[in-house]
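The values are calculated or read from the model by the stated rules, or taken from the named source; none is laboratory data. None of the values given here were measured: they were computed from a predicted structure. Cβ placement follows ideal geometry from the backbone for every residue including glycine, while neighbour counts extend to all protein chains displayed.
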Amino acid sequence: MKRGIAWITIGIIFTAVWVTAGTLGDLPPYTPDANAERESIPNVYLWDLGDLFADEVQWETAYNHAVVELAELGVLHDSLDVGDALPEYLQRFFDLELLANRLTLFANLSAITDTTDQDAIARHQRALSLTNAIMDESAVLRNAVLSLSDADLESAYSTETGLDAFRPAIDGLRRRADRVLDAEAERVLGLAGDNLWAAIDLNELPSPVERAFQALISEMPLPSIADSDGAEVPLTFANYGRYRASDDRQVREQAVESMFATIRRYENTFAATLGGQAQLDVAFARARGYDTALEAYLDKDDIDTAVYRTLIETVRAHAPALQRYVALRKEVMGLDEVRIYDLYVPLVESAAREMTYAEGAEVILESLKPLGNEYLTEVGWLVNPANGAIDVYPSKRKESGAFSSSVYGVHPFIKMNFQDGFDDVSTLAHELGHAMHTQLTNANQPYLQSRYSMLLAEVASTCNEMLLSQYMLAHAASSAERAWLLTELAEGIRQTIYRQTLFAEFELRLHELVEAGEPVTASRLNEIYTGLIADYYGPQFTLGPNDGVEWAYIPHFYYKYYVYSYATGMASAIAIADKIGAGEPGAADAYLAMLKGGNTAPPVEMLAAAGADLTKPDAIAAALDRFDAIVTELEELLMTP
Ligand SMILES: [Zn+2]
């Protein structure tokens, strides 16, 4: 790996990286193998759950304590309305919630490294049902906090010792106090599955129509296609992405066309489930006096609808850059027409460098240097597997994929399935971004202010990926490697900013149909979706007869105004990483303040202070101007006559 000149001139960073690099250099060699037994992986590469619970016996003891505690909370219910039991109740509730999170994390982490371990699975299920019971209990807490008048609450703050510590939680609940209905109406909304007060991510709470959608997706028979060797292979949702990106045009055409033709046969059922979801969203919003579902679901996270509309307007204003990218594809791929199945093929051959875990970690640490010494020291600790926070390699019964997961009071845990590819290094940078967000928030905020908004979460992870990308571009060994890195970045921006904004606009139009009392039919949805593809991809793109039905299999449309946050997350991360990478004075510190801030202010405010004000077009425009510049450079690199 290469070291920049700045690395040597800034002494204090030099020391921090040197210590880490030296330690990582001592790691035992290991060749990743997805079929390896977990026991055959050197111990240093496995995470150590001992920081959560020493062993299963200690977990069991804590679990039993939590069950007793939950029952005892019920005893306090009757004295809640007078206010004097409130501090004790809140203290015990939040202690219990934290303990349940810890129990769940331990159970989950031990279950996923061996997905056949029945004891671990059973522990996980018990922890989850405990969490469900605590969510029910939180309705009692909410009612207790919301039923107090402002005057009663203020007098309780002055007379009840200990209540003041819960101000952030109480303020958070009372922010939407005017959206709460009388007890009977609340009871009925609860029975109907209202989710506007849910304490967890809305996309984890499937409605009955979403479950019908999922069932349809899993039961829908998919056709077989011929792969590039002419062998017949059954199409599945798991292999669809791979065949869609095949460099054999016949293979990808068959994959996409046969998928879309199959979906088309069920389009009325898909329109019924999706229309049903939108009707539910609108009904819950109207029940609480909101004009639109957009307003209701963004208000849940204290986000103004202007953020949503600004995203759509700004991305639309930058559609010409996307359309030049489509034209670039047409030229570089030598196509007569660009079809929907031509969008996912890599434009150039991969020039990805293989890296061992230690090499990849050191490149990441180099790339994150612009964030300063404090960040580097912490991230150096997390990435060093000897500290037990990371589970590096795949093994036989380990769940695939990667994540960062945590509970307040303990360092984050990162699951990887590292296999020495550059995409693994990128994923590691991403997960370290989430882990560092948690680490810095937890070190600087009390528990009640540590739960950061989903609007901020993907900024922290993607910012690291963008700094890694900047570093790799600055150190590309050849113009072929540079071109490959640029095509990866361009395609990432197409899929995450342009495509997810197109989705966000579709989701808005869908809800607007319901709000206007118009029927949600498959033909209406196809028409809207087709219009959006034409608007975004422009005249160089050739629409196919079934392209308009793509909306039907996208699960994100059931997530209740969630998909836009992928686009705002990446756009904000690019805008912020570009400022930090360019060494703009104060940029890194402003960003670190956001990472340390938890949920101490509304998320849009925190993000604005960090360098991406989503109430204005600036950050999104900056990210898409960068996309524009990448397309220009690719035109020069790939279209030389
Ligand atoms: Zn992420």
Selected residue (only one of Ile576, Ile528 is touching a Leu at 6+ places or on another chain (Cβ under 8 Å) and farther than 25 Å from Leu196 by Cα): Ile528
Evaluation of Ala460 against (1) more than 13 Å from the ligand (Cβ to nearest atom); (2) in contact (Cβ under 8 Å) with a residue 40 or more places away in the chain (one fails), failing number: (1)
Only listed residue being polar (S, T, N, Q), surrounded by fewer than 23 Cβ atoms within 10 Å (Cβ to Cβ) and in contact with a Leu (Cβ under 6 Å, 6 or more places away or on another chain), chosen from Ser478, Ser469: Ser469
Among (1) surrounded by 13 or more Cβ atoms within 10 Å (Cβ to Cβ); (2) out of contact with any helix residue (DSSP H, G or I) (no Cβ under 6 Å at 6 or more places or on another chain); (3) in contact (Cβ under 8 Å) with a residue 12 or more places away in the chain; (4) farther than 30 Å from Thr356 by Cβ, the one test that Glu72 misses: (1)
Some residue of segment 368-380 being part of a loop (DSSP other than H, G, I, E, B) and within 16 Å of the ligand (Cβ to nearest atom): no
Only one of Tyr447, Tyr393, Tyr408 that is buried (at least 23 other Cβ atoms within 10 Å of the Cβ), away from the ligand (no atom under 15 Å from the Cβ) and of a type in the set (Phe, Trp, Tyr): Tyr393
Which listed residue, of Ser400, Ser426, Ser395, Ser367, is under 16 Å from the mean Cα position of the chain (by Cα) and assigned by TED's automatic domain parsing to the domain that holds Ser461: Ser426
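Residue-wise test of (1) assigned to a loop (DSSP other than H, G, I, E, B); (2) modelled with pLDDT under 95; (3) crowded, with 16+ Cβ neighbours inside 10 Å.
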residue: Val604; (1), (2), (3): no, no, yes
residue: Ala608; (1), (2), (3): no, no, yes
residue: Thr615; (1), (2), (3): yes, no, no
residue: Ala619; (1), (2), (3): no, no, yes
residue: Ala623; (1), (2), (3): no, no, yes
residue: Phe627; (1), (2), (3): no, no, yes
residue: Val631; (1), (2), (3): no, no, yes
residue: Leu637; (1), (2), (3): no, yes, yes
Number of the exception - Gln419 against (1) away from the ligand (no atom under 16 Å from the Cβ); (2) touching a helix residue (DSSP H, G or I) at 6+ places or on another chain (Cβ under 8 Å): (2)
Residue match in segment 305-317 (condition: surrounded by fewer than 17 Cβ atoms within 10 Å (Cβ to Cβ), assigned by TED's automatic domain parsing to the domain that holds Glu518, farther than 30 Å from Ala177 by Cβ and among the hydrophobic types (A, V, I, L, M, F, W, C)): yes
Qualifying residues in segment 77-103 (those that are free of Cβ contacts under 8 Å to residues at least 60 places away in the same chain and crowded, with 17+ Cβ neighbours inside 10 Å) - the one farthest from the chain's Cα centre (by Cα): Ala85
Subset of segment 422-436 (residues that are among the charged types (D, E, K, R) and either outside any helix (DSSP H, G or I) or more than 12 Å from the ligand (Cβ to nearest atom) (or both)): Asp423, Asp424
